[in-house]
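All of the numbers you see were taken from the coordinates with simple rules; none came from a lab. Keep in mind that what you see is a predicted model, and the values were worked out from it rather than measured. Note that each Cβ is placed from the backbone with ideal geometry, even for glycine, and that neighbours are counted across all protein chains shown.
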Amino acid sequence: MTTLADDLRNWLDRSRARIGSLTIEPKLEHVGRVVRVGDGVATVSGLPEVRLDELLVFHGGVRGLAVDLGEEAIGCVLTGDTSGIPAGSIVRGTGEVARVPVGDALLGRVVDPLGLPLDDGEKLDTDSFSPVEQRAPAIVERALVTRPLATGLLVVDAMIPLGRGQRELIIGDRGTGKTAIAVDTIINQRSSDVICVYAAIGQKASSVAQVIEAVRRYGAPERCLFVVGEANAAPGLQWLTPYAACSMAEHFVARGRDVLLVIDDLTKHAAVYRQVSLLLRRPPGREAYPGDIFYIHSRLLERAAKLAPERGGGSLTALPIAETQAGNISAYIPTNLISITDGQIYLDPRLFYEDQKPAVDVGKSVSRVGGKTQAPVLKDMSESLRLEYAQFLELEVFTRFGTMVDERTRKVIEHGRRIRAVLGQRQFAPLSLGEQVALLSAVGEHVLDEVPLDRMDAFRAELGAWLGEHCPEVMALDDRAAPLSGDQRARLKAALSALAHTVAPSNGEPGKA
Ligand SMILES: Nc1ncnc2c1ncn2[C@@H]1O[C@H](COP(=O)(O)OP(=O)(O)OP(=O)(O)O)[C@@H](O)[C@H]1O
Ligand SMILES: [Mg+2]
């Protein structure tokens, strides 16, 4: 029977053994002290060895980035709550830059910019990490953008086509459907193999929840990743969001995948960066933005690229979003972003209020790369569209004043109205390439001129099923398909005319809408 004395002896023996195996050696640790803290930033003294962008650990485990190195003090942006950090408390350097978890485990998840889960799911099961700031691919590591990235929105795919590896700015006033275009593009990737990363910066939690809900309901959420630095997160976190999201995306790109990165939005990102910079007492420049505001966005967007085959051939397509005030695209941040990107999709509030949605202003929108990647069959159909549409818009303005018009002009206007109706589209209803080709053909062949405008929605709703039955060859088109032959065109026209008759049986008077 063991006694208390035996127990004690055993315990002492075990303790002696543990103490014997202890190695005691000096450990060097650099520490500094907090001089000033508040509003998401801190000034730290000491820590002479700290490098730019190094991760520092504050009281209570709060992390910060050293973004401003001075002789006397270091300016830090904090990624957590500043309220628990007393002035004079100790700060430790880590010798590392900020890193985020990367890998397949992130797919289908909602995370913050440090990779902590924001959904109810379990902890992320990944042991690969990647620095948030990375060098953009060099010129020799890049290849030409060759494959299209279909948005499923006819107005974009036909007139402002995007390529995989391109950077296209979505720009417009508040509430004009900027996020909607990006979300529809993500949803359309349900029929491709593109991985989608949505970075939300400084947005209301409810808006982000709507986006996630829409993608879960209509898209392929298992191939999507949401990185959220919401409006009430520390400014440092919001600032880090696009870089972190980009690193998470680059992990897949390096493995040869095509990735779409939506950054919603860079205007808020610029505002957060201005706030942090002013608090760190950096000299303000134009519109009080710091001098490096152009650089922080260009080095982010330069990371979007199509990689050369020897680098795996993956691509990162970036869709940054920017907000304008009263349609002013020549303000500071919008002009910066327009000059960094390969084109812009401009959303016009006037069109939005006239219920022309998506409210894309075709005249002010451009894609400087994607045209070469557009599916040949779609390119062939949309060649004359831009010109016809522009002519119609000009004529329409002219006839608004009640001018009497001749028969020919009236026909042009009626035709233009059909084009406009075809370019409008509901949310969450992306069109396949076949449907897009068919709609363009219906306009181009004047089949729709006989359908009243209020029956256009019905025509569109029936289209997919009708073509599947009466013209399956069109539904089977893919982005490498050659332009339709004369025979195919004729068969498609016949099928479309038949549909037009079913949808609007008693027509006969064109343009009676
Ligand atoms: N094609 C569309 N059809 C019908 N409604 C649309 C369409 N596109 C956008 N909307 C509606 O317009 C509203 C504004 O859209 P959205 O939130 O995408 O705009 P935004 O420009 O991102 O706004 P914010 O500036 O607040 O971020 C939403 O209620 C959305 O449902
Ligand atoms: Mg939005």
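Quick one: in region 320-350, which of the residues that are away from ligand 1 (no atom under 16 Å from the Cβ) and in a loop (DSSP other than H, G, I, E, B) is farthest from Gly175 (Cα to Cα)? Break it down stepwise before answering.
Filtering region 320-350 for residues away from ligand 1 (no atom under 16 Å from the Cβ) gives 330, 332, 335-336, 338-343.
Of the ones still in play, those that are also in a loop (DSSP other than H, G, I, E, B) are 330, 341-342.
Numbers: Ser330: 19, Thr341: 22, Asp342: 24 Å.
Checked region 320-350; the qualifying residue farthest from Gly175 (Cα to Cα) is Asp342.
Do we find that Val397 is among the aliphatic types (A, V, I, L, M), without any contact (Cβ under 8 Å) to a residue 60 or more places away in the chain and over 23 Å from Ser485 (Cα atoms) in this structure? Talk me through it step by step, then tell me what you get.
Working: among the aliphatic types (A, V, I, L, M): yes; without any contact (Cβ under 8 Å) to a residue 60 or more places away in the chain: yes; over 23 Å from Ser485 (Cα atoms): yes.
Yes.
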Worksheet entry | Filtered residue count, region 116-135, keeping only those that are touching a residue at least 60 places away in the same chain (Cβ under 8 Å) and out of contact with any Ser or Thr (no Cβ under 9 Å at 6 or more places or on another chain) | 2
Practice prompt. Would you please list the contacts, defined by Cβ atoms under 9 Å and residues six or more apart or on different chains, that run from a residue in region 351-376 that is outside any loop (DSSP other than H, G, I, E, B) to a residue that is surrounded by 19 or more Cβ atoms within 10 Å (Cβ to Cβ) and hydroxyl-bearing (Ser, Thr, Tyr)?
Written response: Leu351/Thr176; Phe352/Thr176; Val360/Tyr346; Val366/Tyr346
Discussion item. Of the residues Ala214, Ala231, only one is part of a loop (DSSP other than H, G, I, E, B), surrounded by fewer than 21 Cβ atoms within 10 Å (Cβ to Cβ) and of a type in the set (Gly, Ala, Ser); which?
Written reply: Ala231
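Scan region 142-171 residue by residue and report those that are closer than 24 Å to Ser441 by Cβ and in a loop (DSSP other than H, G, I, E, B). Talk me through it step by step, then tell me what you get.
Filtering region 142-171 for residues closer than 24 Å to Ser441 by Cβ gives 147-163.
Those that are closer than 24 Å to Ser441 by Cβ and in a loop (DSSP other than H, G, I, E, B): Arg147, Ala150, Thr151, Gly152, Leu153, Ile160, Pro161.
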Worksheet item: Filtering region 166-188 down to residues that are away from ligand 2 (no atom under 12 Å from the Cβ) and within 13 Å of the chain's Cα centre (by Cα), which residue is nearest to Ala305 (Cα to Cα)?
Response: Gln166
Fill in: Filtered residue count, region 172-205, keeping only those that are within 11 Å of ligand 1 (Cβ to nearest atom), part of a helix (DSSP H, G or I) and not β-branched (Val, Ile, Thr)
4
Worksheet entry | Lone unmet requirement of (1) outside any loop (DSSP other than H, G, I, E, B); (2) in contact (Cβ under 8 Å) with a residue 60 or more places away in the chain; (3) more than 16 Å from ligand 1 (Cβ to nearest atom) for Pro113 | (1)
Worksheet entry | Among (1) touching an Asp or Glu at 6+ places or on another chain (Cβ under 9 Å); (2) crowded, with 18+ Cβ neighbours inside 10 Å - the single one Leu448 does not satisfy | (1)
Worksheet item: Taking region 249-282 on its own, how many of its residues are under 13 Å from the mean Cα position of the chain (by Cα) and outside any strand (DSSP E or B)?
Response: 3
Fill in: Criterion violated by Arg299 - all others in (1) outside any helix (DSSP H, G or I); (2) of a type outside the set (A, V, I, L, M, F, W, C); (3) surrounded by fewer than 18 Cβ atoms within 10 Å (Cβ to Cβ) satisfied
(1)
